[in-house]
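Okay, so here's the structure we're looking at.
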Amino acid sequence: AERHALGTDLPLALERNELLLHFQPIVNVASGKLTGMEALLRWQHPTQGLIGPLKFIDLAEDTGLIVPIGEWVLRSACAQLKSWQIEGYAIHRVAINLSSIQFRQKNLVERIAAILDETGLAAHWVELEITESLLIGNTDEVVETLRRLSDMGLEISIDDFGTGYSSLSALQQFPIGTLKIDQSFVRDVADDPADATLVRT
């Protein structure tokens with residue numbers, strides 16, 4: 001019942017400006033300095049309050065709304081970082097998640113280029129996060145898209161790394177700048193020697 005209700009309301013969320021971004025700091029542990037922000041999508045539902053993405057992203061993907069929502073996230077995150085830069089804040093990069101459906105759009109590179117041009121943000125300030133599962137299958141097409149994005153100056157990172165089936169040798173063919181280890185490996189890093197060894201490696 002809840003899923004059905006959210007599915008009915010989701011198409012209106014964009015029209016009513018109910019979507020918003022929270023920005024999670026990315027901090028260099030060694031220096032303690034802020035190095036960037038990750039844009040996290042939230043839905044301020046009129047009756048249910050603040051809803052996290054786990055409750056509605058699958059719905060957005062099933063209905064095809066993930067494409068316009070994903071573009072809204074890209075545009076809003078880029079515009080916010082540009083605004084911070086103009087105000088003098090030294091935020092080096094904003095990380096933005098791309099869904100697998102969004103990534104497979106034929107005009108993805110052109111759409112991102114248009115958003116960067118519209119917001120006036122240089123590409124090297126943006127890090128695009130994709131899931132490890134995207135690297136499996138249609139490899140030539142994935143490599144070509146990633147290379148085009150990388151050639152624009154965008155940083156590419158793999159999110160939730162370690163939960164899929166990609167090998168380290170397979171990663172060599174992709175222009176990947178960062179591997180984000182899945183939280184299941186990091187959660188107990190302070191207490192579990194095996195987790196600590198894995199993360200250190």
HN-Hα J in Hz across region 124-133 - Karplus 6.51, -1.76, 1.60, θ = phi - 60°, x for Gly and Pro: 5, 8, 10, 10, 9, 9, 10, 8, 4, 4
Solvent-accessible area per residue, Å², over region 19-123 with all protein chains present [probe radius 1.4 Å]: 51 Å²
Cα point-scatterer Debye curve for region 1-73, base-10 log of I(q)/I(0) at q = 0.16, 0.27 Å⁻¹: -0.60, -1.31
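Rounded to a whole number of µm²/s, how large is the Stokes-Einstein D of region 42-88 at 10 °C and 1.306 mPa s, given Rh as the Kirkwood radius over C-alpha pairs?
130 µm²/s
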Beta bridge orientation in the chain: antiparallel %, DSSP, nearest 5: 45 percent
Cα Rg, Dmax, region 44-132, angstrom units: 14.2, 40
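Leaving ligands, DNA and RNA out of it, report the carbon-plus-sulfur percent of the accessible area of region 1-121 at a 1.4 Å probe.
54 percent
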Scattering profile of the chain at q = 0.09, 0.19 Å⁻¹ [log10 I(q)/I(0), Debye over alpha-carbon scatterers]: -0.38, -1.48
Qualifying chymotrypsin sites (Phe, Trp or Tyr not before Pro) in region 119-201, DSSP loop, other Cβ atoms within 10 Å at most 10: 165
MRE, 222 nm, helices only [DSSP H, n ≥ 4, -39500 (n - 2.57), over the chain, to nearest 500]: -12500 deg cm²/dmol
Nearby lysines by direct alpha-carbon distance to residue 180 (threshold 20 angstrom, same-chain neighbours under 8 apart not counted): 33
Qualifying GluC sites (Glu not before Pro) in region 39-90, DSSP loop, other Cβ atoms within 10 Å at most 15: 87
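The values are calculated or read from the model by the stated rules, or taken from the named source; none is laboratory data. Since this is a predicted model, take the numbers as computed values, not measurements. Glycine also receives a Cβ, built like all others from the backbone with ideal geometry; neighbour counts cover every protein chain displayed. Remember, those area values only see protein heavy atoms, side chains included, never the ligands or the DNA or RNA. Shrake-Rupley method; radii C 1.70, N 1.55, O 1.52, S 1.80 Å.
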